[in-house]
Each structure stands twice: as C-alpha cells, then as structure tokens.
Amino acid sequence: MTGTEFAGEHKAAAGYLDAAANGHGEEKALLVHWALQRVRAQCPRVVEIGPGGGSAVSFLASRLASEQERQKNISLTLIEAPGVASASLKQAMAEFSKVGSCEFVSGFAQDIGTIVSEPADVISASALLHEVYSYSGGYGGLQSLIRALPGVLKPEGLFAYRDVYAVEGSSLHERAVQTYDSKPWIQFLRMFLPSYLREGTHPYHGAADEVLVRQDSRIVPMESLDEETYAFVSAPVGIFREVQRHYLTFRDHIWRSGVLGFRPVLDGQLSSDWIDAKSGHKRVHYSITEANWLPASQKKTLLMLSERYADHYTVDGDIFDEFTDIALSMFLGLAAEGASECADVRDHWMVREGRETYAYLTADELLTAFAVSSVEAPQGGRSVLMPIRVSDVLQRDRSYYNRYLRKKLPNPLKDAKQLVLFSNISLTDSYSLESAMNSLQRWCSKAGLARVYSALNGGGWYGE
C-alpha cells in the first residue's frame, strides 16, 4: 500500500468495530435492498466492501427473512482489510446464513479486481472513498478503484454507495475564514490540525493552502493556540470540512469510550427520540460509566437535569451537548498533561482516524468522477457507472449534528450523508444511457455533464 499507513490494529479494535463502526445499518443496507429488487438473477451475488461490525449485514438479513415470498437465494461475500474482524460481524454472518450463503474474504478495496472471482450483481460500500484516498494513493487510488468496479460487476449490475455529503463550492482550495470561540474546539484544533497536516494524506500542499491562525490580531502557531482566546483561522474550505467532520467523529469516539463518565446511546431506536426531528432537537439516552476523574458535582448536576428511563437516563439533547463540551474540554486538558486514561483514548483516535481525509466529493463531482473513470476501465465489454433514475441519488441531513454545529460555529458546513445507486450500463444500451443522462441533469453542473458526455462519446456512444 502507499500513502498513510493503514491503522489495522486500531481499526480492528472491538470497541471500534462492534460499536463505533456498526451504526446506521438500515441506511447502509437500504440501497442494497433496492438493488436486489431490480436484479433478475435467481441466485444474486452480492459483495460488501468493508462490512465493519456487520450492521448492514444484519439489517439485510432481517429484511430478507421478513419477506413472505422471498425466492432468491443470495450469495454474500464480505471483503475486509487484513486483520480486521469483529465478534458482531460473525454474529451478523450467522444471521445472514439463514437466508442465503455468506463468506468472508480478507483484502484491500483497491484490489477488488483480483479478490472477486466472478462478477457480482450488486456491490455495496459505505465511506469507502476516504479510506482509499487516505491509505492507497490519494485521488489516483480513487480513480483506480472506480475503474476496477465495472470489471467486477455483471452487465446491468449495481454499485450501492454511501458517504459523507460535501457542501457545494467552487473548490476545496477556496479560502475562507472561520471563527472559533468554544474552548473544546480550540483545544481540538491545537491537538488535531498540526498532526493532520504533517502526517495525513491530503491535497493541501500549495502556497495558497497555508493555514493562518490569529489570536488578538497576531498570527500564532497552531501548536501554541491559547484555549482561552478566540481564534480566527484563514484556510482552504476543505480544511474546515476536515476539522468539522473530525471533531464530530472524535466526540462520538469519546462518548462511546465512556471516559467522560457517561455514555450516550448513538445507535438503534433510542438514538432517535426526537422532540423536533426537523430542527434536530432530541432527547439523549445515556448511562453512567465508572470513569471517576470528572468532578462529582458535574455528574450530579447532569443527573439532576435528567429523568430515569428503565435502566438508564434521558436528558434534553441541548443540555447534554453543553455538558459534553465542559467534560470534553477537561478531558483534552488532562490528555495534554499526559493523564494516562485520557491520553490513551485520545491517541487511539488520532492513530485510527486523525490522519484520514474525507476526500469530499459533491454529488456533482461524485457522479462525474464515476462516469468518466468507469468508461476508462480496461475491460472488454465497455460500460459506464451512472444512476439511471433521479431517485437513485439521496441526501440525508444529520439534523442533530447540524443543530449542534449551528450553536458552536458562526458559519458551519452542513453535515449529511449522500447515497447513490450506480448502474453498470453498457455503452451500446442507448435507452439506459439516455435515462442516466436525464438523471444526471438533476444533480450535475453543465461542466460535469459536458465531461460525462465527452467521455461517453469517446467510448463509442453517440446520444441523440
């Protein structure tokens, strides 16, 4: 592999795979279930790249088991990086074995052309592009993966993909200014950004990509940020996307670890106890953990504002966020001082996720990249990966996170997920190509459409 070294040991940790990487099973499996409804084969072959803790496998198994007239015998192959496995994934595989066959294969996503022995009807992946970008050659690695996909998909096969939504903008390198006045955010900047820029795989190497931080009207080194003073940061907008996304993943990681003294429910039905779903306002369900470094008064105050719910507690999400910020700031301070419990949890996250780049692609960029690169695939029966229907492209806001971000940043970037169902369309199938081009008009810019049209014409299709 090339690029940043893959943190295999940390990615394989049970606390990560069985919990942190095991959420949103329904969302992950949604497109796969839709895709299977389009597949004509009676014994469809499905491949999932990076199954993590198996949440999507479990959801798909339960959905297939509940279908009264299910006739298709599905063969599922799971591809995971070498050394990465979890107990919850084994359980999910056992569940799937009741509705079809399931096998586990070790390998890296970029080697899918040699891993998959015969073409699949459906290939599924979630948050794959940032892993490939970070550990397998940057944008070149992304293009190589996309070019490999048509060769491992059957004609009319489908690729179901889910990833972080990217805010529309002219360029990741367009400069912007962000103000940070929240203490834990400033502490996080000081901890994360110098290491990310120094050790991560990212595109911010040009002279115009310099990150300038000012406090009290003076330029200061990021490592010397005063956590008690507002910070004004001038940087490419892509840097702010990385800071924001990594802060949320870091906060989730700290929550799941229980090191703050409380652990919220982040997955399942209890994680969506909405007071007002549209505005992102919800009740948070949480349990108390054994961590004892947090002052007792903090825990007591939180409990006073909470209500008992079965074997745990529930509290207004806005209150919980405020308590989290206070505890997180104390946590970061102790970690910086070398307190072992806090430093170990921080370092685990830094190695596992702190050097990754989310390789943000807007819907326009994502659809254009897949269409153009897939046409360039070194294969015999030329095809292209495109969504045939407008509804094959979905965007889902993360309203709870957006509510929090609006409270903490003056100009936050919207947090959401985008889901795309790509079809492997033959360049001789003029009807499907026309439908796909009509679909792209809803999502792509004129420049993107022109690139796709040029690539298709170069591949031998001439639309009317």
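Please treat every number below as a calculation from the coordinates, not as lab data. Just so it is clear, the structure is predicted and the values come from calculations on it, not from any experiment. Using ideal geometry, Cβ is built from the backbone for each residue, glycine included, and neighbour counts are taken over all protein chains shown.
Assorted remarks:
- Converting phi to 3J(HN,Hα) with the Karplus coefficients 6.51, -1.76 and 1.60 and the offset θ = phi - 60°, the range 291-303 yields 4, 10, 7, 6, x, 4, 4, 5, 5, 4, 5, 4, 5 Hz in sequence order, with x at every glycine or proline.
- Rounded tilt (10° steps) of 363-375 against the dominant C-alpha axis of the chain: 40
- Averaging the Cα positions of each part gives two centres, and for the range 25-43 and the range 75-94 these lie 19 Å apart.
- Under the Karplus curve 6.51 cos²θ - 1.76 cosθ + 1.60, θ = phi - 60°, whole-Hz ³J(HN,Hα) for the range 253-264, x wherever Gly or Pro sits: 4, 5, 4, 5, 5, x, 5, 6, x, 8, 10, x
- Ordering of 99-109, 287-297 by burial proxy (mean other Cβ atoms within 10 Å per residue, highest first): 99-109, 287-297
- Structure-based [θ]222 nm, the chain - -39500 (n - 2.57) summed over DSSP H runs of at least 4, per residue, nearest 500: -13000 deg cm²/dmol
- Potential lengthening between Lys278 and Leu394 on full extension [0.36 nm per residue; Cα-Cα distance subtracted]: 40.0 nm
- Listed pairs Lys300/Lys407; Lys299/Lys408; Lys98/Lys278 exceeding 29 Å between Cα atoms: Lys98/Lys278
- Most positive-pole-ward Cα, Leu212, Met304, Met330, against dipole of the chain from beta carbon charges: Met304
- Across the chain, C-alpha contacts under 8 Å between residues 6 or more apart give a mean separation that, scaled by the residue count, equals a relative contact order of 17 percent.
- For the range 178-195, 3J(HN,Hα) per residue [Karplus equation, 6.51 cos²θ - 1.76 cosθ + 1.60, θ = phi - 60°, Hz, x = Gly/Pro]: 10, 9, 10, 10, 9, 4, x, 5, 5, 4, 5, 3, 5, 6, 8, 5, x, 5
- Cβ-defined net charge surrounding His285, 12 Å radius [Lys, Arg +1; Asp, Glu -1]: -1
- Under 5 Å from the amide H of Met386 lie the amide H atoms of Ser423, Ile425, each residue being 5 or more positions distant or on a separate chain, with H modelled from the backbone and absent for Pro and chain starts.
- This model, with +1 at the C-beta of Lys and Arg and -1 at the C-beta of Asp and Glu, gives the range 175-352 a dipole about its Cα centre of some 260 debye.
- Note on Ile319 and Ser101: the model spin-label points, each 7 Å out from Cα along the C-beta direction, lie 5.5 nm apart.
- Calculated FRET efficiency for the pair Arg198/Ile219, C-beta based, R₀ 25 Å, to 0.05: 0.85
- Degrees between helix 430-443 axis and first principal axis of the chain (Cα, 0 to 90, nearest 10): 20
- Additional length obtainable on full extension of the chain from Leu212 to Leu303, 0.36 nm per residue less Cα span: 28.6 nm
- Restriction of the GluC sites (Glu not before Pro) in the range 111-220 to DSSP coil positions whose beta-carbon has at most 15 other beta-carbons within 10 angstrom yields Glu168, Glu174, Glu210.
- Across the chain, counting alpha-carbon atoms alone, Rg and Dmax equal 22.9, 72 Å.
- With Cα atoms, 0 to 90° folded angle of helix 55-66 axis to the chain main axis: 60
- Across the options Tyr133, Met93, Ser426, the greatest Cα extent toward the positive end of the charge dipole of the chain (unit charges at beta carbon of Lys, Arg, Asp, Glu) belongs to Ser426.
- In Å, descending, principal axis extents of the Cα set of the range 26-91: 37, 20, 18
- Rounded, prolate or oblate (a/c below 1.5 giving rounded, otherwise prolate when a/b exceeds b/c) for the range 175-352 by Cα gyration tensor: prolate
- One quarter of the surface of the convex hull around the alpha-carbon atoms of the range 276-354 equals 6.7 nm², the direction-averaged projected area.
- Gain on full extension, evaluated as 0.36 nm per residue between Glu434 and Ser75 minus their Cα-Cα distance, stands at 126.1 nm.
- Neighbours of Ala231 by Cβ distance under 11 Å: Lys/Arg scored +1, Asp/Glu scored -1, total -2.
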